[in-house]
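Every read-out reported here was derived from the displayed coordinates using simple, explicitly stated rules and does not represent laboratory data. Treat the numbers as computed from the prediction; the structure is a model and nothing was measured. A quick note on method: Cβ atoms are made from the backbone with ideal geometry, for glycine too, and the neighbour counts reach across all protein chains shown.
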Amino acid sequence: MVLRSNVFRRALSSTTALCQRFPQTENEIVQMFQVPSLKEDLTDLPTYPKSSRNYRSIRTLDERFIRILKIFKWGPDAEKALEVLMLKVDHRLVREIMKVDVEISVKIQFFKWAGKRKNFEHDSTTYMAFIRCLEEAGLVGEMWKTIQDMVRSPCIIGSTELSEIVRVLGKAKMVNKACSIFYQIKARKCKPSSNAYNSMIMMLMQEGHYDKVHELYNEMCNEGICFPDTITYCALIVALGKLGREDSAVRLFDEMKENGLQPTTKIYTTLIGIFFKSGKFEKALSVFCEMKDKRCTPNVFTYTEMIKGLGEAGRVEEAYGLFLDMQRESCMLDVVLVNNLINVLGKAGRLDDVIKLFNDMGSLHITPNVVTYNSVIKVLFQSKSHASDAARWFEKMKESGIVPSPYTYAILIDGFCKTNRVEKALLLLEEMDEKGFPPCPAAYCSLIDALGKARRYEAAYELFLELKENCGSSSSRVYAVMIKHFGKCGRLNDAIDLFDEMKQLGCSPDVYAYNALMSGMVRVSMINEALSLLRTMHEQGCSPDINSYNIILNGLARVNGPNRAMEMFARMKNSNVKPDAVSYNTVLGALSRAGMFEEAAKLMKEMKLKGFEYDLITYSSILEAVGKIDEEQMQLVEYRRVSSIPNELFIMRFLACGALGPQALIKITYSWHLGYGRRFLRFSGPVVFGVQTAFTKVHCSSVAAVLHEL
């Protein structure tokens with residue numbers, strides 16, 4: 001007995017942590033290794049069916065071996081405990097130990113030790129139990145090695161295990177490795193089920209690999225082993241929506257219904273969003289009606305998509321009506337839906353409804369968040385409210401305990417800049433810095449633009465350099481704003497240097513940067529250089545917009561005259577970027593300045609047929625041309641004798657061509673009387689006289705009717 005006591009004493013002395021964690025006597029330690037008597041077991045155990053043969057060993061593991069693991073970790077002592085407790089090393093034991101709340105290092109050592117035992121091989125259940133432990137501990141490298149070992153081992157891997165392997169690798173952002181393992185297991189181990197394919201599809205979706213999702217679907221269908229289910233179709237329709245492939249999404253939607261599958265709320269909601277995004281508002285409403293007819297209950301996400309889409313379509317009353325319907329039907333509302341509705345109402349200029357909706361949020365049990373306050377402040381600026389109102393809401397936001405975001409400051413700075421309160425905007429920029437917010441390019445962009453418009457170019461450039469110093473670089477939009485103002489103040493070389501600098505820093509110029517530099521070139525009559533830059537823009541894969549073409553068109557009209565402008569105008573008609581009202585007015589001004597009145601009249605008629613309304617710029621182009629001719633004629637002959645002839649002839653030519661009717665003539669005079677034509681005061685005498693002369697050809701009743709419309 002003395003000898004046996006010494007053996008246990010040596011074992012205890014080899015583990016220094018024992019006395020720190022579980023102070024026990026030697027007899028208590030010995031008792032831990034003793035198998036309880038059958039009587040004790042029967043007394044302590046609850047009643048279980050007789051077939052539950054493994055319960056005794058599980059209980060023994062729970063009460064004895066777990067404590068041994070916590071005391072001794074894994075090593076000779078714990079291994080000895082297995083022998084004393086007569087616990088057989090099998091798959092059940094490994095799975096149970098993987099569930100034990102011990103350090104991950106203990107589980108790793110035990111798992112590897114068990115794998116080296118004679119007459120024992122890990123199966124898919126032990127591998128998966130161990131992989132889950134490694135995933136929970138965040139040991140991604142060890143997890144990947146274990147998965148590789150599992151695939152190389154002779155164990156059978158089922159579709160369920162394959163799905164989980166794909167899931168854990170996807171969660172660890174190991175997409176390529178997940179795809180590789182998927183095809184390895186598919187080739188050697190098992191045939192994937194719909195769930196396995198869905199796991200792959202969801203992983204690819206989460207990582208933005210939308211193009212590969214459809215390839216996997218085709219593979220799934222072609223093999224014919226398993227078929228898409230509702231989850232598959234849902235993921236595919238979402239992916240196709242992200243890719244802008246509306247037709248394919250609709251085909252899949254119809255296909256799933258033909259296959260007898262009922263679309264879910266998420267699928268209907270996704271399809272509604274796709275139709276709204278592509279501008280097919282009636283189709284979106286049709287899908288919403290079908291959804292309700294099929295008794296598929298819309299949820300808060302569906303209503304949010306509907307309200308947002310109807311708002312973008314300008315159907316504000318219908319969007320607001322949906323919100324009221326939700327309230328009447330006691331549907332669940334959330335802050336995201338309310339924020340979207342605030343944006344819709346704000347864009348429609350319905351400030352009172354916005355404030356009312358905000359005040360009602362308490363009774364709806366919805367707590368405003370930072371996005372809510374941001375939306376309200378933005379609406380205040382959009383509705384031309386006094387800047388002090390926005391400032392009061394900002395203070396109210398902070399009093400409510402909501403911390404302003406960088407976007408909050410960006411909205412305020414932009415709003416103050418647009419209301420000519422630049423100094424207040426600069427103070428807010430300093431406040432952002434004091435609160436530790438990172439530099440916000442949007443806020444800097446607004447300030448730089450405001451200072452440029454105020455011709456404080458040096459101050460604007462100082463802010464630009466400050467942003468570069470704090471961020472290491474600037475965004476393409478900030479560069480574009482600075483380039484624009486350098487071009488306006490005649491510092492074209494500085495603008496070109498900035499454009500080259502942004503390319504050297506790896507900041508690819510966007511359409512705004514190209515337009516800013518082209519505009520600066522056109523200002524100094526460098527039209528050939530501007531045309532060259534437009535070609536470079538095409539070559540670099542940056543698609544010009546209508547402003548790009550209008551800038552060049554304006555330069556050609558000013559420098560090269562109407563013929564070159566008309567050539568480019570004709571090319572625009574045959575391109576993807578069609579002329580707009582600005583394009584027509586630019587060419588109209590060039591024709592009028594060149595005295596090509598008949599061509600100008602035809603262009604005005606075409607402009608009307610294309611659905612563009614004459615605006616003040618249109619009339620200004622005509623009046624400016626008339627005034628120019630008047631001045632030239634006045635230098636040759638006496639004013640009283642011939643001053644009215646060119647105006648009357650000009651107006652009558654437009655009347656004969658049908659370009660200018662009585663309405664247009666009255667609008668010219670009416671606009672002039674309102675003060676819109678004050679820039680043409682030096683032409684007022686002959687112009688008004690010419691218009692009045694043309695009015696003598698119009699019946700009084702027609703004039704009265706048009707004036708009534710105005």
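Annotations
- A Förster distance of 25 Å, applied to the separation of the beta-carbon atoms of V403 and L427, puts the FRET efficiency at 0.85.
- Inter-part distance where segment 572-616 and segment 107-157 are each reduced to a Cα centre, Å: 75
- Whether segment 334-456 is rounded, prolate or oblate, judged on the alpha carbon gyration tensor where a/c under 1.5 counts as rounded: prolate
- Using the Cβ-Cβ distance between A581 and Q327 with R0 set to 45 Å, the FRET efficiency works out to roughly 0.60.
- Separation of segment 486-555 from segment 340-355 is 37 Å, based on Cα centroids.
- If the segment from S388 to E317 were pulled out straight at 0.36 nm per residue, it would be longer than the present Cα-Cα gap by 22.6 nm.
- Spin-label pair D101/S525, simplified geometry with 7 Å Cα→Cβ offset, distance in nm: 8.5
- E255-D293 FRET efficiency (beta carbon distance; Förster radius 25 Å; 0.05 resolution): 0.80
- Our analysis of segment 546-629 gives Rg over Rh at 0.93, with the two radii drawn from alpha carbon positions and Rh computed by the Kirkwood formula.
- Between T230 and C507, the contour length at 0.36 nm per residue exceeds the Cα-Cα span by 95.4 nm.
- Across segment 395-400, computed HN-Hα scalar couplings (Karplus, 6.51 cos²θ - 1.76 cosθ + 1.60, θ = phi - 60°) run 5, 4, 4, 5, 5, 7 Hz from first to last residue, x flagging Gly and Pro.
- The mean sequence separation of alpha-carbon pairs under 8 Å and at least six residues apart, normalised by the residue count of segment 546-629, gives a relative contact order of 29 percent.
- In terms of the mean number of neighbouring beta-carbon atoms within 10 Å, the peptides 393-400, 155-162 order highest first as 155-162, 393-400.
- Fully extending the segment from C190 to C221 would add 9.5 nm, taking 0.36 nm per residue of separation and subtracting the current Cα-Cα distance.
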